[in-house]
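Notes follow once the structure below has been shown.
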Number of protein chains: 2
Amino acid sequence: MTSKLYELLGADDRRFSPYCWRARLALAHKKLETEYVPVGFTEKDKIAFSGQTQVPVLVDGVSTICDSWDIACYLDDTYADAPTLFGDAVGRATAWFVSCWNETEVFPPLFQLLAADIHAHARPEDQAYFRESREKRLGQSLEQCAEQAPNYLEPFRLSLRPARHVLKHQAFLCGTSPAYADYILFGTFQWARGVSPLAVIKRNDPLHAWRDRMLDLFDGLGRSVTAYDY
Amino acid sequence: MTSKLYELLGADDRRFSPYCWRARLALAHKKLETEYVPVGFTEKDKIAFSGQTQVPVLVDGVSTICDSWDIACYLDDTYADAPTLFGDAVGRATAWFVSCWNETEVFPPLFQLLAADIHAHARPEDQAYFRESREKRLGQSLEQCAEQAPNYLEPFRLSLRPARHVLKHQAFLCGTSPAYADYILFGTFQWARGVSPLAVIKRNDPLHAWRDRMLDLFDGLGRSVTAYDY
């Protein structure tokens, strides 16, 4: 049976939510046929059945799972015979570390860098909601944010040092082939790629080659949506 | 048969090498009886048989293994029936991420903070060697370094954000019980605790409680050496 992934929808059919990309890749990793159900920022009614207000939401048979981390755990537990996302319990706990690192170190400068671009790539009917909720979070207007955005490029690149260091030793964060920790970081790059033409990583950065390998996975799943190429 | 761990020796029988602590805990995790062989900074002759110049060096039966990461991999492969350090291959790769994070984010500010203290706690006969080699690495004198040390306390504490975030969700970096990623970070705290009375983490930091749990492991192995208490 096809599972349904409710994921964020932007203008021009864009899909740029980093958390939804984690879920997309996790589902592909488990070889599950998936129907993507697009949900604009303000279309909360579409996922009201899930009991909460944010995508991704996965409906798999009789199960409804919210939150990208919980979706990954559900998939690895439920489809234990398909390739593993985490390895065992120790691997899952350590992948949580990578998720936390992404949350505390990588996202903050990147959100500052992208906030105005996300607004520009939201559906017109979602822009007022996005502006209001995010300006509150940022403590400044999107225009002020855009003005200061260039200051966040270098901190973003610096935040990626641990991942860069890992790739000196192995092809993927999870070793010789990709798994969930890779999908965590890849979602971050899909976020940038979905809303901004700015090359957030340099072409000679080992992370660029890694990202290109990630874009190739699952018959180019990461390239299958409207995005900026670099 | 008892294995032998060659580890760094400081003044007053101190053992403060972060990498040697990783090996100590990994051996205890595997329940291996271990003889610790102390090696001062300049006693390279004691480990010349290993073909290189840095501790830790593990001699286990006919095997000699250098480098804390290689030691952990060797132990997990060789003693696969004892509790796992990494979980499976995905877990091992992800633990490598934690090691890289520690290397690129946590060590640099902490080394700046501790360098002069390490010198003060090296054996008198090792101090000239330590000074020369580390002043070269730091690009400044140990005295200049000591003067600027207080500026590195806050960056060090900030560098620990991902670990702090992890501990909101689980008791150890590796989940409900400790494994190698915990030993990586614990070594860092043992380094500080071995040479400086400065409380590098605040008492109300969740990492303080975690560190205390780590000190309790293996009948208080981490407390079994001369160190500063806080």
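The values are calculated or read from the model by the stated rules, or taken from the named source; none is laboratory data. What you see is a predicted model; the values in this text were computed from it and never measured. Note that each Cβ is placed from the backbone with ideal geometry, even for glycine, and that neighbours are counted across all protein chains shown.
Can you pull out every residue in the range B:1-40 that is at pLDDT below 95 and of a type in the set (S, T, N, Q)?
Filtering the range B:1-40 down to residues at pLDDT below 95 leaves B:1-2.
Within the range B:1-40, B:THR2 is the sole residue that qualifies.
Looking at A:ASP205, is it among the charged types (D, E, K, R), farther than 22 Å from A:ALA82 by Cβ, over 16 Å from the mean Cα position of the chain (by Cα) and not assigned by TED's automatic domain parsing to the domain that holds A:ALA115? So A:ASP205 fails the test. Here's a check for you: in the range B:66-93, which residue that is touching a Gly at 6+ places or on another chain (Cβ under 6 Å) and either among the basic types (Lys, Arg) or buried (at least 22 other Cβ atoms within 10 Å of the Cβ) (or both) is nearest to B:PHE218 (Cα to Cα)? This residue is B:GLY87. Exactly one residue out of A:SER17, A:SER63 is surrounded by fewer than 17 Cβ atoms within 10 Å (Cβ to Cβ) and closer than 30 Å to B:ALA93 by Cβ, and it is A:SER63. Whether any residue in the range A:28-40 is buried (at least 20 other Cβ atoms within 10 Å of the Cβ), small (Gly, Ala, Ser) and in contact with a Phe, Trp or Tyr (Cβ under 6 Å, 6 or more places away or on another chain) is what I want to check. The answer is no; no qualifying residue exists.
Hey, could you check the range B:102-118 for residues that are among the aliphatic types (A, V, I, L, M) and within 16 Å of the chain's Cα centre (by Cα) and say which is farthest from the other protein chains (Cβ to nearest Cβ)? The residue in question is B:ILE118. Are any of the residues in the range B:82-101 over 16 Å from the mean Cα position of the chain (by Cα) and more than 14 Å from chain A (Cβ to nearest Cβ)? Looking for residues that are over 16 Å from the mean Cα position of the chain (by Cα) and more than 14 Å from chain A (Cβ to nearest Cβ), one finds none in the range B:82-101, hence no.
Within the range A:161-173, the set of residues being surrounded by 22 or more Cβ atoms within 10 Å (Cβ to Cβ) and either in contact (Cβ under 8 Å) with a residue 40 or more places away in the chain or more than 8 Å from every other protein chain (Cβ to nearest Cβ) (or both) comprises A:PRO162, A:ALA163, A:LEU173. In the set (1) closer than 20 Å to B:ALA93 by Cβ; (2) more than 9 Å from chain A (Cβ to nearest Cβ); (3) without any contact (Cβ under 8 Å) to a residue 40 or more places away in the chain, the condition left unmet by B:PRO197 is number (1). Counting only strands (runs of 3 or more DSSP E) that sit wholly inside the range A:22-109, those with at least 1 residues that are among the small types (Gly, Ala, Ser) are A:63-66.
Run down B:SER159, B:SER133 and say which single residue is within 18 Å of B:THR104 (Cα to Cα) and of a type in the set (Ser, Thr, Tyr).
Working: B:SER133 fails: within 18 Å of B:THR104 (Cα to Cα).
Being within 18 Å of B:THR104 (Cα to Cα) and of a type in the set (Ser, Thr, Tyr) holds for just one of B:SER159, B:SER133, which is B:SER159.
For the range A:142-160, a residue qualifies if it is exposed (fewer than 13 other Cβ atoms within 10 Å of the Cβ) and closer than 23 Å to A:ALA209 by Cβ, and exactly one does: A:GLU154. B:GLY139 satisfies every condition listed in (1) under 28 Å from B:VAL200 (Cα atoms); (2) in contact with a His (Cβ under 9 Å, 6 or more places away or on another chain); (3) surrounded by fewer than 18 Cβ atoms within 10 Å (Cβ to Cβ); (4) not polar (S, T, N, Q) except (2).
Mind listing whichever residues of the range B:116-141 are among the polar types (S, T, N, Q) and not in a helix (DSSP H, G or I)? Selection gives B:GLN140, B:SER141. A search for C-beta distances below 9 Å between a residue of the range A:43-58 that is closer than 22 Å to A:THR78 by Cα and assigned by TED's automatic domain parsing to the domain that holds A:GLU7 and any residue that is of a type outside the set (A, V, I, L, M) and part of a loop (DSSP other than H, G, I, E, B), counting only pairs 6+ apart in sequence or on different chains, returns A:VAL55/A:SER17; A:PRO56/A:SER17; A:PRO56/A:ASP67; A:VAL57/A:ASP67.
Just one of the numbered conditions (1) without any contact (Cβ under 8 Å) to a residue 60 or more places away in the chain; (2) surrounded by 20 or more Cβ atoms within 10 Å (Cβ to Cβ); (3) among the aliphatic types (A, V, I, L, M) is not true of B:ALA179; which one? Just one mismatch for B:ALA179, condition (1).
From the set of residues in the range B:200-213 that are within 14 Å of another protein chain (Cβ to nearest Cβ) and surrounded by fewer than 23 Cβ atoms within 10 Å (Cβ to Cβ), which is farthest from B:LYS30 (Cα to Cα)? Checking each candidate, the answer is B:PRO206. The single condition from (1) in contact (Cβ under 8 Å) with a residue 24 or more places away in the chain; (2) closer than 28 Å to A:LYS44 by Cβ; (3) of a type in the set (Asp, Glu) that A:GLU105 fails is (2).
Looking across the range B:119-136, the residues that are of a type in the set (D, E, K, R) and surrounded by 13 or more Cβ atoms within 10 Å (Cβ to Cβ) come down to B:ARG123, B:ASP126, B:ARG131, B:ARG134, B:GLU135.
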